[in-house]
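**Q** Once you've had a glance at the structure underneath, I'll fire off some questions.
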Amino acid sequence: MKFERSDLLGLEDLTREEIESILTTAGSFVEISERPIKKVPVMRGLTVVNLFFEPSTRTRTSFELAEKRLSADTVSIAASTSSAVKGETLKDTAKNIEAMGIDMLVVRHSASGAPHFLAKALDCPVINAGDGAHEHPTQALLDLFTARQKVGRLDGLRVGIVGDILHSRVARSNIWGFTRLGAKVVVCGPPTLIPPGIESIGVTVSYDLNEVIPTLDILMVLRIQTERLTQCFFPSLREYSEFFGVDRKKMSRAKKDVIVMHPGPLNRGVEITPEIADGPNSVILDQVKYGLAVRMAVLYLLSGGELTSEDSH
Amino acid sequence: MKILIKDGRVIDPSQGIDGILHVLLKDGQVAEVGSSIGADEATVVDAKGLVVCPGLVDMHVHLREPGREDEETIETGARAAVAGGFTSIACMPNTEPAIEGDEGVKFVLVKARDAGLAKVYPIAAATKAIKGELLAEIGAAIGAGAVAISDDGMPIGNSSLMRRALEYTSMFGKPVISHSEDPALSGRGVMNEGRVSTILGLKGIPNESEEVAVARDISLARLTGGRLHIAHVSTARSLEFVREAKAHGAKVTCEITPHHFTLTDEAVKTYDTNTKMKPPLRAERDIAALRHALKTGLADAVASDHAPHSEEEKDQEYDAAPFGIVGLETSLGLTLNELYHRGIITLAGLVRLMSTNPARILGLTSGTLKPGSPSDLTLFDPDKEWVVDESKFLSASRNTPFSGWRLKGKAVTVIVNGRILMREGEML
């Protein structure tokens, strides 16, 4: 069986079955990265371009390694080195790259909807590697994969997403993903960083992290960007940490086997203290590890690869 | 030169006329409306099955001349107006440079006269270069023929300056047209704030961005006794403020655009940049209130806020594209389709919203078929079905969210100053 979509733009419109089949396929890719020779020939001869208009270390490296381990030829372009600085439009840049005969485009852009715009303009498959505050589907898929590896089935589990929900594409993709797999999601942060109408997409809202933490099976902490300070979303990092920083004191009331996730990069001591980030409940490095397998699965499926069925796994 | 328009359903709310009648035009003026008019040597226009009404007036359009003639000129805009059934349009001053003072107003009037299409009435800048800092030469502009004063596109953030603009303009009896928006509340927003903006991750513009400005502008109109016309009202609560103001006898009028009473912010979900405009497309509840206000007469006019933009500018990421859509060639069709055929307004109500009232607000001599008034008439077929095909627009721009829409109702014949400019759907 093949994956029926030509692009991966977000999780909002994916069904539970589609998400599960991607995760199952990812499962069969984990082992490749544990081999001495970490390479399979499934994308040999195919060319993938990673077009990044925003800085990224983790996601870009993860995509590049995933592509290389599938034997694809890859080129990565950062906005600062592209024609964008010469005033070329996004569409022209993408059209020119496509004219060189590429098979897939991975794009990150600060404008929400930019990958949708390119998917309409281009014939090749487009993978959204993060667009504005909209979606970051591969991040959510790797979060779901990690959670399933660590806690098993997600049905009925309680997931807390803490921090800047307003500006977070990771939060949105994870809300779609976790709720679709049967988990209950609560978002927690100061009211200035909770987007309007978020309850209408199936989550609950809390402004009190101390109240939320004891109820959680999965705690996902989001990065706080310091520029939100100058935009008056909250008065100081100190005050933010006081109310929403995940530290030992707040975690003392957590379930013993809660897992702590963070999409990175960490602001140690702001949204999470080092002892929690590096502590026994943290699965932050597992997220990074599994991210590779998940991205390999997505690349493989969009290049026409067969889905791994539940039975063969 | 005589024209006899026979057997149409003549609707003129200014005289309470609604019936199958004939209209005789003579020497550029309306000569007679009656049931038996004999006229030798007259050009006869058969209007059977058509509505015959005072020429439609679009009191809010953006022509891009001077500055962006690639997007629209006064001539192409005036031609698109005729194709859409309008005999008169009023153009906003946010051109480059802005239409300001007597010089700017004369420029528009000369270009419009040379084009010889729909009448084009300039609205002049309220503040110098539309910067919201110093008053423009409002008196000179009105003396040269400006029908209203506005900084449309740029909200006047300084409340004291807005007060002075209303106060000063009041001695000329002309309205100040307000683009009521709190710029700080809108911030870098690109669509309506709410459930859909949250899902799409696009920055939102709350209803309150408009409402606090409407409340302010109405307060200032009451303080100064000035005439205030609020452009493109888009929220239920803005309408509540207008209702209250009218109840207190304040000189306040307002308009609503076809796109605001037709589309909700759900339309943004495709990231189609032709759904990006200011104010943004709102939620269902507001759409219902807008339609209700058009039904009851709380809203005075339908105006298109025709805002042409080039394809290159619109064919971008949502955040990067400019605000605005064209509307001259879809306005009547949408109003008939969405309001008349859904039983929200009557045909007389439509003529009031699209001719009588906007003409009155701007102080035009048209908008009526009283003998001696200019022979500006629109003949439209309320039942003619057509499909919006932007490639056929006479506007120089194509940025419409209604591409491919099937609409019921279209202008057929348009007469300006006694000259037939469009006949049976064909531009002459």
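Values quoted throughout were computed directly from the atomic coordinates according to the rules given, and no laboratory measurement underlies them. The shown structure was predicted, so the numbers you read here are calculated from the model rather than taken from an experiment. Please note: Cβ atoms are built from the backbone with ideal geometry, for glycine as well, and neighbour counts cover all protein chains shown.
**Q** Once R0 is set to 30 Å, what does the formula 1/(1 + (r/R0)^6) return for the Cβ-Cβ distance between A:Arg153 and A:Arg268, expressed as a FRET efficiency to the nearest 0.05?
**A** Taking R0 as 30 Å, the efficiency between A:Arg153 and A:Arg268 is 0.40.
**Q** Along the charge dipole of chain A, pointing to its positive end and built from +1/-1 on Cβ of Lys, Arg, Asp and Glu, which listed residue (A:Pro36, A:Ala94, A:Cys188) has its Cα farthest out?
**A** A:Pro36
**Q** When you look at the Cβ of every residue in B:198-208, what mean number of other chain Cβ atoms sits within 10 Å?
**A** Numbers: counts 12, 13, 11, 18, 6, 5, 4, 0, 1, 0, 0.
Mean partner-chain Cβ count within 10 Å for B:198-208: 6.
**Q** Counting other beta carbons within 10 Å of each Cβ, put A:Arg172, A:Arg35, B:Arg222 in order, fewest first. Present the calculation step by step, with values, prior to reporting the outcome.
**A** Working: A:Arg172 28, A:Arg35 10, B:Arg222 17.
By the 10 Å Cβ count, ascending, the order reads A:Arg35, B:Arg222, A:Arg172.
**Q** Now for a separate question. Against the longest principal axis of chain A, how steep is helix A:58-69, in degrees 0 to 90 to the nearest 10, with axes from Cα atoms?
**A** Between the helix axis and the principal axis of chain A, the angle is about 40 degrees.
**Q** With 10 angstrom as the radius, rank A:Thr59, B:Thr378 by how many other C-beta atoms surround their C-beta, starting from the fewest.
**A** Values: A:Thr59 23, B:Thr378 28.
Listing A:Thr59, B:Thr378 from fewest to most nearby Cβ atoms yields A:Thr59, B:Thr378.
**Q** Next up: When the Karplus curve 6.51 cos²θ - 1.76 cosθ + 1.60 is applied with θ = phi - 60°, which whole-Hz ³J(HN,Hα) does each residue of region B:206-220 get, with x for Gly and Pro?
**A** x, 3, 5, 4, 7, 5, 5, 6, 4, 4, 5, 5, 5, 4, 6
**Q** With an 8 Å cut-off on Cα pairs and a minimum separation of 6 or more residues, tell me the relative contact order of chain B in percent. Walk me through the intermediate numbers first.
**A** Details: 1109 pairs, mean separation 83.7, N = 428.
Relative contact order for chain B comes out at 20 percent.
**Q** Something else about it: Determine the gain in length on full extension of the stretch A:Arg58-A:Ser6; use 0.36 nm per residue of separation and subtract their C-alpha separation, reporting nm with one decimal. Mind showing how you got there, number by number?
**A** Numbers: separation 52, 0.36 × 52 = 18.72 nm, distance 2.47 nm.
Taking 0.36 nm per residue and subtracting the Cα distance, the gain is 16.3 nm.
**Q** Once you have the alpha carbon radius of gyration of chain B, what is it after dividing by 2.2 N^0.38 Å, with N set to its residue count?
**A** Values: Rg = 20.4 Å, N = 428, 2.2 N^0.38 = 22.0 Å.
So chain B has a normalised radius of gyration of 0.93.
**Q** List the pairs from B:Lys276/B:Lys384; B:Lys26/B:Lys48; B:Lys106/B:Lys408; B:Lys48/B:Lys174; B:Lys314/B:Lys370 whose alpha-carbon separation is above 32 Å, in the order I gave them. Don't skip to the end; give the middle numbers.
**A** Values: B:Lys276/B:Lys384 29 Å; B:Lys26/B:Lys48 21 Å; B:Lys106/B:Lys408 38 Å; B:Lys48/B:Lys174 39 Å; B:Lys314/B:Lys370 44 Å.
Listed pairs above 32 Å: B:Lys106/B:Lys408; B:Lys48/B:Lys174; B:Lys314/B:Lys370.
**Q** Just from its helices, what would the mean residue ellipticity at 222 nm be for the protein assembly as shown, if runs of 4 or more DSSP H residues each count -39500 (n - 2.57) and the sum is divided by every residue, rounded to the nearest 500 deg cm²/dmol? Walk me through the intermediate numbers first.
**A** Numbers: 26 runs with 233 residues, N = 741.
That comes out to -9000 deg cm²/dmol.
**Q** Tell me which residues come under 5 Å, amide H to amide H, from A:Arg158 once H is placed; ignore anything under 5 positions away on its chain.
**A** A:Lys184, A:Asp217, A:Ile218
**Q** Non-local amide H neighbours of A:Lys255 (under 5 Å, H modeled in plane, Pro and chain starts lacking H): which ones?
**A** HN-HN under 5 Å from A:Lys255: A:Leu216.
**Q** Also: Please compute the modelled spin-label separation between A:Thr230 and B:Glu311, points set 7 Å along Cα→Cβ, answer in nm with one decimal.
**A** Using points 7 Å along Cα→Cβ, the separation is 4.0 nm.
**Q** Further question on the same structure: Based on the Cβ-Cβ distance from B:Thr270 to B:His248, what FRET efficiency comes out when R0 is 30 Å, to the nearest 0.05?
**A** 0.10
**Q** Can you spot the aspartates and glutamates whose alpha carbon is less than 18 Å from A:Lys91's alpha carbon? Ignore those fewer than 8 places along the same chain.
**A** Cross-link targets: A:Asp7, A:Glu54, A:Asp103, A:Asp123, A:Asp131, B:Asp272, B:Glu311, B:Glu312, B:Glu313, B:Asp315, B:Glu317, B:Asp319.
**Q** Can you sort B:Met171, A:Met220 by how many other beta carbons sit within 10 Å, fewest first?
**A** Working: B:Met171 11, A:Met220 24.
With the sparsest Cβ surroundings first, the list reads B:Met171, A:Met220.
**Q** What average count of beta carbons from other chains do you get within 10 Å of the Cβ of residues in A:121-134?
**A** Partner-chain Cβ atoms within 10 Å, mean over residues of A:121-134: 2.
**Q** Next question. So what J values fall out for region A:218-229 if you push phi through Karplus, 6.51 cos²θ - 1.76 cosθ + 1.60 with θ = phi - 60°, rounded to Hz, Gly and Pro as x?
**A** So the Karplus estimates, Gly and Pro as x, are 9, 10, 10, 9, 9, 6, 9, 8, 5, 5, 5, 5 Hz.
**Q** Based on DSSP, what percent of beta bridges with both residues in the protein assembly as shown are antiparallel, to the nearest 5?
**A** 35
**Q** Which Cα, out of A:Leu209, B:Ala81, B:Phe241, lies furthest along the positive dipole direction of the protein assembly as shown (beta carbon charges, K/R +1, D/E -1)?
**A** A:Leu209
**Q** Could you size up the charge dipole of the protein assembly as shown around its Cα centre, putting +1 on the beta carbon of Lys and Arg and -1 on that of Asp and Glu, and report it in debye to the nearest 20? Can you show the working numbers first?
**A** Numbers: 83 positive and 97 negative charges, 235 e Å.
That gives a dipole near 1140 debye.
**Q** Treating the beta-carbon of each Lys and Arg as +1 and of each Asp and Glu as -1, no other charges, what is the dipole magnitude of chain A about its Cα centre, to the nearest 20 debye? Please report the intermediate quantities before stating the final value.
**A** Values: 36 positive and 39 negative charges, 126 e Å.
In total the dipole reaches around 600 debye.
**Q** Output the pairs from A:Lys150/A:Lys184; B:Lys295/B:Lys392; A:Lys150/A:Lys256; B:Lys131/B:Lys278; A:Lys150/A:Lys255; A:Lys2/A:Lys68 with a Cα-Cα distance over 20 Å in this structure; if there are none, say none. Each step should come with its number before you reach the end.
**A** Values: A:Lys150/A:Lys184 17 Å; B:Lys295/B:Lys392 32 Å; A:Lys150/A:Lys256 14 Å; B:Lys131/B:Lys278 18 Å; A:Lys150/A:Lys255 15 Å; A:Lys2/A:Lys68 22 Å.
Violating the 20 Å limit, Cα to Cα: B:Lys295/B:Lys392; A:Lys2/A:Lys68.
**Q** Per residue of A:104-115, what is the mean number of Cβ atoms on other protein chains within 10 angstrom of that residue's Cβ? Mind dumping the intermediate values first?
**A** Working: counts 0, 0, 0, 0, 0, 2, 2, 10, 12, 13, 6, 2.
Shielding by partners across A:104-115 averages 4.
**Q** A further question on this structure: Under 8 Å for C-alpha pairs, at least 6 residues apart: give me the relative contact order for region A:137-287, rounded to a whole percent.
**A** On the way: 267 pairs, mean separation 36.3, N = 151.
Rounded, it is 24 percent for region A:137-287.
**Q** Let me ask something else. Helix A:169-180: angle to the longest alpha-carbon principal axis of chain A, degrees 0 to 90, nearest 10?
**A** Approximately 90 degrees, to the nearest 10.
**Q** Now for a different question. Treating only the Cβ atoms of Lys and Arg (+1) and Asp and Glu (-1) as charged, compute the dipole magnitude of chain B about its Cα centre; round to the nearest 20 debye. List each step's numbers first, then the result.
**A** Working: 47 positive and 58 negative charges, 236 e Å.
The dipole of chain B has a size of about 1140 debye.
**Q** Continuing with this model, one more query. Enumerate the aspartates and glutamates that B:Lys128 could reach by cross-link, defined here as Cα to Cα under 16 Å, with residues fewer than 8 away along the same chain left out.
**A** Partners within reach: B:Glu96, B:Glu100, B:Asp102, B:Glu103, B:Glu137, B:Asp151, B:Asp152.
**Q** Report the semi-axes of the equivalent ellipsoid for chain A in whole Å, largest first, where each axis is √(5λ) for an eigenvalue λ of the Cα gyration tensor. All intermediate terms of the calculation are to be shown ahead of the outcome.
**A** Working: eigenvalues 203, 109, 59 Å².
So the three semi-axes of chain A are 32, 23, 17 Å.
**Q** Taking the Cα centroid of region B:217-276 and of region B:53-130, what is the distance between the two, rounded to the nearest whole Å?
**A** 22
**Q** I'd like the distance separating the alpha-carbon centroids of region B:136-164 and region A:1-25, in whole Å.
**A** Answer, in whole Å: 55.
**Q** Give a residue-ordered list of calculated ³J(HN,Hα) values for region A:252-257 (Karplus: 6.51 cos²θ - 1.76 cosθ + 1.60, θ = phi - 60°; whole Hz; x for Gly, Pro).
**A** Residue by residue, region A:252-257 yields 5, 9, 6, 4, 4, 9 Hz.
**Q** Kindly express, to the nearest 10 degrees and within the range 0 to 90, the angle between helix B:159-169's C-alpha long axis and the longest C-alpha principal axis of chain B.
**A** 30
**Q** Answer with one residue from A:Thr57, A:Ile77, A:Val107: the one whose Cα lies farthest towards the positive end of the charge dipole of region A:30-114, charges on Cβ with Lys, Arg +1 and Asp, Glu -1.
**A** A:Thr57
**Q** Hey, can you grab everything whose amide H is under 5 Å from the amide H of B:Val45? Only 5+ residues off in sequence or another chain; H modelled, so Pro and N-termini drop out.
**A** Excluding prolines and chain starts, which carry no amide H, the hits are B:Leu4, B:Ile5, B:Lys6.
**Q** Could you compute the FRET efficiency for B:Ser35 and B:Met427, with r as their C-beta to C-beta distance and R0 at 35 Å, rounded to 0.05? Don't skip to the end; give the middle numbers.
**A** Values: r = 31 Å, r/R0 = 0.90.
Between B:Ser35 and B:Met427 the formula returns 0.65.
**Q** Shifting gears a bit: Any chance you could run the full-extension gain for B:Glu284 through B:Arg342? It's 0.36 nm times the residue separation minus the Cα-Cα distance, nm to one decimal. Walk me through the numbers before you get to the answer.
**A** Numbers: separation 58, 0.36 × 58 = 20.88 nm, distance 1.62 nm.
Going from the current span to full extension adds 19.3 nm.
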